[in-house]
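The values are calculated or read from the model by the stated rules, or taken from the named source; none is laboratory data. Because the structure is a prediction, the values reported are computed rather than measured. With ideal geometry, Cβ positions are generated from the backbone for all residues, glycine too; neighbour counts draw on all protein chains shown.
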Amino acid sequence: MHSFPYLLSWLFVAIALIVFLTAGLRLPAFFALLSISCILGIAMGMSADDLIGHIRDGFGNIMKSLGILIVLGTTLGSLLEHNGSIAVLAGFIVRKIGRKFIVLSMNIIGLVVGMPIFCDSGFIILSNLNKSIYEKSGISPYITSVSLATGLLSVHCLIPPHPGASAAASLLHVDFGEILLVGLLLAIPASLTGYFWAVYAGRKTRMKESKMPGHDWEVPGQQHVSLLMALLPILVPVLLMAIRSFMTLEKNSDSPWANSIRVMGDPLAALSIGILLAILSYRRKDLTNIKKVLSEGAEKSGGILVIIGAGGSFGAILGAMHLGEAFSGSLPLERMGILFPFLITSLLKTAQGSSTVAIITAASLVNPLLPALHLDSDHGRLLCVLSMGAGSMILSHANDAYFWVIARFSDLDTRPMFKFYSLATLFMGTVVFGLVWLLSLWLLH
């Protein structure tokens, strides 16, 4: 076993290389993580057979537990996008909340729409609604855009089937139903933090003169889906996974009812049910497009899957380095607890930009350290994933692709984006971590 200074030095080298290759050279995250896995393996003196074996095992294990889930989640998002469900949900929320609270409605739309759809895709889909809102209301586009963007980001960083939270939950063996339910509860204050900051930061912003006053604000596109059919594909999988996690099935483990709940609440089955419900909402004349939409969903998931797989390989190499034993004997990790995964994820997110890469990399780093951090329990692992989710919000700026999606699709200048959006993500992550810390006082003591 190598000395602690040697392991620590190579760990810092690995983090620096991740930042340099992904943020500096713009190398795809898959090749960056795979290359660094090889470099670490060689530095640890692994034989070629052992190195290749760890990379294969790490990639295969994470794909076995997560691959189908990511494909199903991405496909569900594509179906809801194409059949008009997103437009229906957005229009309903805007009408019900009304003109007086239109900025809050944008935040709620982001929170709801962001559950099945990735934040960048969701913002692009809703950008026409956002533009219509700020033109007709006269409110600054910075306020409405950041309110929408932070709503989307809050669920993207905290709940499955989003890739970062899903990968972290899989690597740390956290129940998907638990992380979904608790993560959603934490996403609400995170989203509202973004809303309040957008309003506060824009309080002196000069309002645009309203060009088209009125309440007829809708998302362009198909809107034949009923509100119920737009909601069911989102709510049913969430409820099934939550019920499976929190119902006590031991007493009636052999009953048909309990077995049905266990099967339907499995993430793969729950998302499959969501997909079937989304398909049922399509009109007969639109059924010919389903094959195209399903293919699109599968193709979109490909890029995410290879990153997650490379993260699994990286984690396998780190596990073979026996970091837990080295760190527990040399650093007071037990005093840091959930602060350690939060800081590591925040550092990675701020340095290289991608929330997904940050939380997957952090999960790989933290997993072998769980016993030393006193987080090697069901509650500890859950809190660790939530802490990393909070860290993956901090700090979005010019190296984050989502930062540019918001700016370009809302015609916003870069400099004010730092004040409005970057600071919003800082406050969001801090608030969520504070809540996770309070939760840890209850669950871990």
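Of all the residues in the range 83-112, those that are in a helix (DSSP H, G or I), over 24 Å from Leu181 (Cβ atoms) and either free of Cβ contacts under 8 Å to residues at least 40 places away in the same chain or touching a Ser or Thr at 6+ places or on another chain (Cβ under 6 Å) (or both) number 9. Criterion applied to Leu80, Leu66, Leu11, Leu34 was being surrounded by 15 or more Cβ atoms within 10 Å (Cβ to Cβ), touching a Leu at 6+ places or on another chain (Cβ under 9 Å), part of a helix (DSSP H, G or I) and at pLDDT 85 or above, and the one residue passing it is Leu80. The residues of the range 64-82 include none that are without any contact (Cβ under 8 Å) to a residue 40 or more places away in the chain and either of a type in the set (Val, Ile, Thr) or in contact with a strand residue (DSSP E or B) (Cβ under 8 Å, 6 or more places away or on another chain) (or both). Within the range 310-326, the set of residues being under 21 Å from Leu33 (Cβ atoms), at pLDDT below 85, part of a helix (DSSP H, G or I) and touching a Leu at 6+ places or on another chain (Cβ under 7 Å) comprises Gly315, Leu318, Leu323, Gly324. Considering the range 83-95 alone, what residues qualify as being among the β-branched types (Val, Ile, Thr) and buried (at least 23 other Cβ atoms within 10 Å of the Cβ)? Scanning the range 83-95 gives Ile86, Val88, Val94. Would it be correct to say that Gly41 is in contact with a His (Cβ under 8 Å, 6 or more places away or on another chain) and not aliphatic (A, V, I, L, M)? Answer is yes for this residue. Against the definition (among the aromatic types (Phe, Trp, Tyr) and modelled with pLDDT of 85 or more), how does Phe342 come out, yes or no? Against the criterion (among the aromatic types (Phe, Trp, Tyr) and modelled with pLDDT of 85 or more), Phe342 qualifies. Under the condition of being among the β-branched types (Val, Ile, Thr) and either under 10 Å from Met241 (Cβ atoms) or free of Cβ contacts under 8 Å to residues at least 40 places away in the same chain (or both), the residues counted in the range 258-281 number 3.
In the range 238-259, the qualifying residues are those that are at pLDDT 55 or above and charged (D, E, K, R), and the one that is surrounded by the most Cβ atoms within 10 Å (Cβ to Cβ) is Arg244. Which of the residues that make up the range 57-87 are over 19 Å from the mean Cα position of the chain (by Cα) and not hydrophobic (A, V, I, L, M, F, W, C)? Within the range 57-87, Asp57, Gly58, Gly60, Asn61, Lys64, His82, Asn83, Gly84, Ser85 qualify. Based on what the data block shows, is Asn61 closer than 17 Å to Met115 by Cα and out of contact with any strand residue (DSSP E or B) (no Cβ under 8 Å at 6 or more places or on another chain)? When the stated conditions are applied, Asn61 does not pass them. For the range 407-422, which residues satisfy the criterion of being closer than 21 Å to Leu348 by Cα and either surrounded by 19 or more Cβ atoms within 10 Å (Cβ to Cβ) or of a type in the set (Gly, Ala, Ser) (or both)? Correct list: Met417, Tyr421, Ser422.
Consider Lys292 against the criteria (1) modelled with pLDDT of 85 or more; (2) surrounded by 12 or more Cβ atoms within 10 Å (Cβ to Cβ): it satisfies all of them except one. Which criterion is unmet? Failing condition for Lys292: (2). Take Ile139 and decide whether it is of a type in the set (A, V, I, L, M), over 23 Å from the mean Cα position of the chain (by Cα), in a loop (DSSP other than H, G, I, E, B) and at pLDDT below 90. Yes: the conditions hold for Ile139. Criterion applied to Leu276, Leu268, Leu280 was being over 25 Å from Glu178 (Cβ atoms) and either at pLDDT 85 or above or touching a His at 6+ places or on another chain (Cβ under 6 Å) (or both), and the one residue passing it is Leu280.
The residues of the range 39-52 that are surrounded by fewer than 16 Cβ atoms within 10 Å (Cβ to Cβ) and either in a helix (DSSP H, G or I) or under 32 Å from the mean Cα position of the chain (by Cα) (or both), listed by number, are Ile39, Ile42, Ala48, Asp49, Asp50, Ile52.
The rows are residues; the columns are (1) under 27 Å from Met417 (Cβ atoms); (2) aromatic (Phe, Trp, Tyr); (3) at pLDDT below 90.
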{"residue": "Ala168", "(1), (2), (3)": "no, no, no"}
{"residue": "Leu181", "(1), (2), (3)": "no, no, no"}
{"residue": "Pro189", "(1), (2), (3)": "yes, no, no"}
{"residue": "Val199", "(1), (2), (3)": "yes, no, no"}
{"residue": "Arg206", "(1), (2), (3)": "yes, no, yes"}
{"residue": "His215", "(1), (2), (3)": "no, no, yes"}
{"residue": "Gln223", "(1), (2), (3)": "no, no, yes"}
{"residue": "Val236", "(1), (2), (3)": "no, no, no"}
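Of the residues Ser410, Ser346, Ser377, Ser355, the single one that is among the polar types (S, T, N, Q) and touching a Pro at 6+ places or on another chain (Cβ under 6 Å) is Ser410.
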